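Down below is the structure, laid out as C-alpha cells.
The values are calculated or read from the model by the stated rules, or taken from the named source; none is laboratory data. None of the values given here were measured: they were computed from a predicted structure. Cβ coordinates were reconstructed from backbone atoms using ideal geometry, including for glycine residues, and neighbour counts include every protein chain displayed.
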Ligand code: TYM
C-alpha cells in the first residue's frame, strides 16, 4: 500500500479538513505500521507500505496570494498536521516546493490530459465563476498537478474528502491514457489510485449555511471550527450555529430537508465514532438547546489537546523546517524512478 494525500497550506486547518481527511491520514498511518510489522513477521516483501503527506504549496499559487502568508502558512499547517497525529518519523511529511519532480511530472502529463476533461472539473467551474478569462492558467491546470502528486509515488490509496473525488477520477483517467498510449501492456508506468472517502464525514458543511461546504475561504469565521480555536470559541460557534426550531427526529429519514440539523448530527456521529442512527437514538425528541452543548463539549474534548500541541509546535520554526527538509529528501528519492520512467516512455532524451 502506498498512501498519498495533500492539503493546501492556506488558512487554518478546520473541522472539515480534520474529519474529511486528516483523521483518516492518521488512521492509515497507524494501519500501515501494523501492516509492515505483520509483513516482516511473515518474512514477506521487503518493500514497506508507506504514507506520504504533503503541503500543496504549489497548488496555492493558483489563486491570488501573499507570499509571506504562504511561507508562514506552510509551517503552520505542518505544525497542525503533527499536532493531529501525523508522525514525521513514520510518514513522509513535506511540501511540494522542495520536490521539483511534482512540477516536472505535471508538465509531462500535460501532453496526456485533455482540455475537455479539465473543462468539466466542478472546482474549476466554481472557482472561476463567470470570469474564466481572468483566471490564472494554474487554476485550470491544477488537477494535472494533483494527478502528478499521486502518480509520482505510485499511490494506491488517496484519503480525501468528497470534494476531491472528481480530481482523483481525473488522475486515474490520465494514468490510464498515459499507460495505453506510451507503455507496453505488461509494463505500465502508473498505478491507478483509489480515493478513500470517509462515509460519515465526506462533506462537512458550513455552520452558517447547510448548503455550503465548510471551507477555509469562507469569509465568516463563524462558519467553521478551526482546530486552533479555544474551548470558548468552539462552544460559542456551536451555540450560534444555524438550526431550525424543530426538535431532533428519532429516525435518519427525519433529517431530510434539514441540512443544518443533518450537518450537526453528522459532526457528532463522526467525532464520537458512532452512526447517525445512534446519535438520534440518544437525542431524538430533544431540542438543540440540549444537543448543542453536548456537541460543543465533544468537540472541545477532542480538539483542545490538538490545539495545545499545535501552539507548542508552531513556535519552533527550526524543528518545522527540519521536518520538511527531511521529508522532502525522502520524497525526492522515492519520486526518482517514476519520473525517469515517464521521461523514457515519452522518448525524451536526457543524456
Ligand atoms: P484542501 O486543502 O481544500 O483540503 C484538504 C482535505 O480536506 C478535505 N476537506 C473536506 N472534507 C470534508 N468536508 C469539508 N468541508 C472539507 N473541506 C476540505 C479535502 O477533501 C481534502 O482531502 N486539491 C486539494 C489538495 C491536494 C491533494 C493532492 C489532495 C493537492 N494535491 C493530491 C489529495 C491528493 C485541496 O485543495 O484540498
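If only residues of region 11-36 that are surrounded by fewer than 19 Cβ atoms within 10 Å (Cβ to Cβ) and under 21 Å from residue 206 (Cβ atoms) are counted, the one that is farthest from the ligand (Cβ to nearest atom) is 12. With respect to (1) surrounded by 14 or more Cβ atoms within 10 Å (Cβ to Cβ); (2) out of contact with any strand residue (DSSP E or B) (no Cβ under 8 Å at 6 or more places or on another chain), the lone exception for residue 246 is condition (1). When region 100-112 is limited to residues that are in a helix (DSSP H, G or I) and surrounded by 15 or more Cβ atoms within 10 Å (Cβ to Cβ), the one that is nearest to the ligand (Cβ to nearest atom) turns out to be 102.
The single residue among 58, 52, 70, 81 that is within 16 Å of the ligand (Cβ to nearest atom), surrounded by 14 or more Cβ atoms within 10 Å (Cβ to Cβ), outside any helix (DSSP H, G or I) and in contact (Cβ under 8 Å) with a residue 40 or more places away in the chain turns out to be 52.
Being more than 14 Å from the ligand (Cβ to nearest atom) and either outside any helix (DSSP H, G or I) or surrounded by 18 or more Cβ atoms within 10 Å (Cβ to Cβ) (or both) is the filter here, so list the residues in region 153-181 that pass it. Residues satisfying the conditions are 178, 179. Being assigned to a loop (DSSP other than H, G, I, E, B) and in the same structural domain as residue 193 (by TED's automatic domain parsing) is a condition met by at least one residue of region 12-22. Taking residues in region 9-23 that are touching a residue at least 40 places away in the same chain (Cβ under 8 Å) and over 21 Å from residue 51 (Cα atoms), and partners anywhere that are more than 8 Å from the ligand (Cβ to nearest atom) and outside any loop (DSSP other than H, G, I, E, B), the pairs with Cβ atoms closer than 6 Å and at least 6 places apart or on different chains are 10/60; 10/73; 12/226; 14/226. Could you tell me whether region 137-152 includes any residue that is away from the ligand (no atom under 13 Å from the Cβ) and either assigned by TED's automatic domain parsing to the domain that holds residue 252 or in a helix (DSSP H, G or I) (or both)? Within region 137-152, one or more residues are away from the ligand (no atom under 13 Å from the Cβ) and either assigned by TED's automatic domain parsing to the domain that holds residue 252 or in a helix (DSSP H, G or I) (or both). Inside region 307-333, residues that are assigned to a helix (DSSP H, G or I) and surrounded by fewer than 19 Cβ atoms within 10 Å (Cβ to Cβ) make up a count of 15. Any residue in region 70-78 that is in contact with a helix residue (DSSP H, G or I) (Cβ under 9 Å, 6 or more places away or on another chain) and modelled with pLDDT under 95? Within region 70-78, not a single residue is in contact with a helix residue (DSSP H, G or I) (Cβ under 9 Å, 6 or more places away or on another chain) and modelled with pLDDT under 95. Within region 1-10, if we keep just the residues that are more than 9 Å from the ligand (Cβ to nearest atom) and surrounded by 20 or more Cβ atoms within 10 Å (Cβ to Cβ), the residue that is farthest from residue 210 (Cα to Cα) turns out to be 2. Within region 248-263, the presence of a residue that is within 15 Å of the ligand (Cβ to nearest atom) and part of a loop (DSSP other than H, G, I, E, B) is excluded.
The one condition from (1) over 21 Å from residue 21 (Cα atoms); (2) surrounded by fewer than 17 Cβ atoms within 10 Å (Cβ to Cβ); (3) touching a strand residue (DSSP E or B) at 6+ places or on another chain (Cβ under 8 Å) that residue 220 does not meet is (3).
Within region 182-207, the only residue that satisfies the criterion of being within 27 Å of residue 344 (Cβ to Cβ), touching a strand residue (DSSP E or B) at 6+ places or on another chain (Cβ under 9 Å) and buried (at least 20 other Cβ atoms within 10 Å of the Cβ) is 193. Step by step: first the residues of region 113-136, then only those that are in a loop (DSSP other than H, G, I, E, B), more than 14 Å from the ligand (Cβ to nearest atom) and under 25 Å from the mean Cα position of the chain (by Cα), then the one that is surrounded by the fewest Cβ atoms within 10 Å (Cβ to Cβ). Which residue is that? Selected residue: 129.
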